[in-house]
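Note sheet for the following structure.
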Amino acid sequence: MEKKIAIISDIHGNQSALKAVLDDIGPEGKIDHIYCLGDIVGIGYETNEVLELLFSRGDISFVLGNHDEAILDIIAGREPYSKKRERVHHEWIASHLDRKFLPYLLAIPTTIDAEYNGKKFIFVHYHLDELGEFLSVDYEPTIEKLDFHYRDSSADIVCFGHHHVIHHFKTKKRLYLNPCSLGCYPKPLASYAILSIGEHGEIGVTFKEVPYDNKEFLLGYNRLKVPDSEYILKMFHGNQHLQYL
């Protein structure tokens, strides 16, 4: 029978957007599974609210994102990838993280393999190099570059995030899918994707944008004095907060 999975990515500490998407997906059992492609926290400040929502469900699998990794590194006393302003921001997020969530975060893998109706999936935050490190964002991806990078993979579908735009590339070898960032967008819309896998392996993809009220979330950056607020609100939220000031 047909299988349906939801793909969410780059929540970035935005609880309002996440709740809107989970309400749109529906309760557990409505679809077969949800895959979260990392960057659960960081940028947005609603860290604990987001983690409470996600870990309260039993139908979500996770892969680790670069922001998640940086914050775990800081908590563990390791040097994160982030520097200067981003490092200060990550330290602030780490200091506000409820430690009850640490065991869950530490158990998150870098990649997940799955199979539905004969179609093999890889779920990853972004493309990895030979050492398992995230590559820099390719702002001009092509099917040739993607096929070359995954040339040794047997996957039929590669799902990834990190780059906050939709990717939907179909080659003779496989499908490449990025559902866009759920929590960082210049409009009050939360993005995700639904994949249907037919009984005989046919694939259907639906990209969804769910409207939500982001006023209090945007105003909270300044109210809570979140480090690097001015840059974050401009670069990741399109300065939407200005309409409320």
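Within segment 12-69, count every residue that is of a type in the set (Gly, Ala, Ser) and surrounded by fewer than 17 Cβ atoms within 10 Å (Cβ to Cβ).
Total satisfying the criteria: 5.
From the set of residues in segment 12-57 that are assigned to a loop (DSSP other than H, G, I, E, B) and of a type in the set (Asp, Glu), which is farthest from His162 (Cα to Cα)?
In this case the residue turns out to be Glu28.
Looking only at segment 210-237, filter to residues that are buried (at least 16 other Cβ atoms within 10 Å of the Cβ), of a type outside the set (A, V, I, L, M) and not in a helix (DSSP H, G or I); which one of those is modelled with the lowest pLDDT?
Restricting attention to segment 210-237, the residues satisfying the condition of being buried (at least 16 other Cβ atoms within 10 Å of the Cβ) are 210, 212, 214, 217-218, 220-221, 226-229, 232-233, 236-237.
If we keep only those that are of a type outside the set (A, V, I, L, M) as well, we get 212, 214, 217, 220-221, 227-229, 236-237.
Cutting the leftovers down to not in a helix (DSSP H, G or I) gives us 212, 214, 227-228, 236-237.
Details: Tyr212: 98, Asn214: 97, Pro227: 96, Asp228: 93, Phe236: 97, His237: 97.
It comes out as Asp228.
Does Ser95 meet the test of being farther than 19 Å from Ala193 by Cβ, of a type in the set (S, T, N, Q) and out of contact with any Asp or Glu (no Cβ under 9 Å at 6 or more places or on another chain)?
Considered against the rule, which asks whether it is farther than 19 Å from Ala193 by Cβ, of a type in the set (S, T, N, Q) and out of contact with any Asp or Glu (no Cβ under 9 Å at 6 or more places or on another chain), Ser95 comes out as yes.
Filtering segment 174-188 down to residues that are buried (at least 16 other Cβ atoms within 10 Å of the Cβ) and more than 15 Å from the chain's Cα centre (by Cα), which residue is nearest to Lys234 (Cα to Cα)? Can you show your working first?
Taking segment 174-188 and keeping what is buried (at least 16 other Cβ atoms within 10 Å of the Cβ), we get 174-185, 188.
Subset that is more than 15 Å from the chain's Cα centre (by Cα): 174-176, 188.
Working: Arg174: 36, Leu175: 33, Tyr176: 29, Pro188: 14 Å.
Checked segment 174-188; the qualifying residue nearest to Lys234 (Cα to Cα) is Pro188.
Scanning for something in a loop (DSSP other than H, G, I, E, B), crowded, with 18+ Cβ neighbours inside 10 Å and polar (S, T, N, Q), does segment 2-11 turn up at least one residue? Break it down stepwise before answering.
Initial filter on segment 2-11 (in a loop (DSSP other than H, G, I, E, B)): 2, 9-11.
Narrowing further to those that are crowded, with 18+ Cβ neighbours inside 10 Å: 9-11.
Now restrict to residues that are polar (S, T, N, Q): 9.
Yes: segment 2-11 contains one or more residues that are in a loop (DSSP other than H, G, I, E, B), crowded, with 18+ Cβ neighbours inside 10 Å and polar (S, T, N, Q).
For segment 70-93, what are the residues that are over 21 Å from Arg223 (Cα atoms), open to solvent by 10 Å² or more (accessible area, probe 1.4 Å) and in contact with a Pro (Cβ under 8 Å, 6 or more places away or on another chain)?
We begin by selecting, within segment 70-93, every residue over 21 Å from Arg223 (Cα atoms); these are 70-84.
Imposing the further condition that a residue be open to solvent by 10 Å² or more (accessible area, probe 1.4 Å) reduces the set to 72-79, 81, 83-84.
Answer for segment 70-93, where residues must be over 21 Å from Arg223 (Cα atoms), open to solvent by 10 Å² or more (accessible area, probe 1.4 Å) and in contact with a Pro (Cβ under 8 Å, 6 or more places away or on another chain): Asp73, Ile74.
Are there any pairs, at least 6 apart or on different chains, whose C-beta atoms fall under 6 Å, with the first in segment 122-145 and more than 13 Å from Phe160 (Cα to Cα) and the second open to solvent by 60 Å² or more (accessible area, probe 1.4 Å), and if so, which?
Asp129/Leu135
So which residues in segment 104-130 are more than 15 Å from Val41 (Cα to Cα) and either in a helix (DSSP H, G or I) or modelled with pLDDT under 95 (or both)?
Step one: of segment 104-130, the residues more than 15 Å from Val41 (Cα to Cα) are 107, 109-124, 126-130.
Within segment 104-130, Glu130 is the sole residue that qualifies.
Which members of segment 195-209 meet the condition of being in a loop (DSSP other than H, G, I, E, B) and open to solvent by 40 Å² or more (accessible area, probe 1.4 Å)?
Filtering segment 195-209 down to residues in a loop (DSSP other than H, G, I, E, B) leaves 198-202.
The answer is Glu199, His200, Glu202.
Take the residues in segment 122-165 that are of a type in the set (Val, Ile, Thr) and within 12 Å of the chain's Cα centre (by Cα), then tell me which one is nearest to Phe62 (Cα to Cα).
Let us first name the residues in segment 122-165 that are of a type in the set (Val, Ile, Thr), namely 122, 124, 137, 142-143, 157-158, 165.
Checking which are within 12 Å of the chain's Cα centre (by Cα) leaves us with 124, 165.
Values: Val124: 9, Val165: 20 Å.
Across segment 122-165, the extreme among qualifying residues is Val124.
The values are calculated or read from the model by the stated rules, or taken from the named source; none is laboratory data. None of the values given here were measured: they were computed from a predicted structure. Here the Cβ is made from the backbone with ideal geometry for all residues, glycine too, and neighbour counts use every protein chain on show. Heads up: the accessible areas ignore ligands, DNA and RNA and are worked out on the full protein's heavy atoms, side chains in. Shrake-Rupley method; radii C 1.70, N 1.55, O 1.52, S 1.80 Å.
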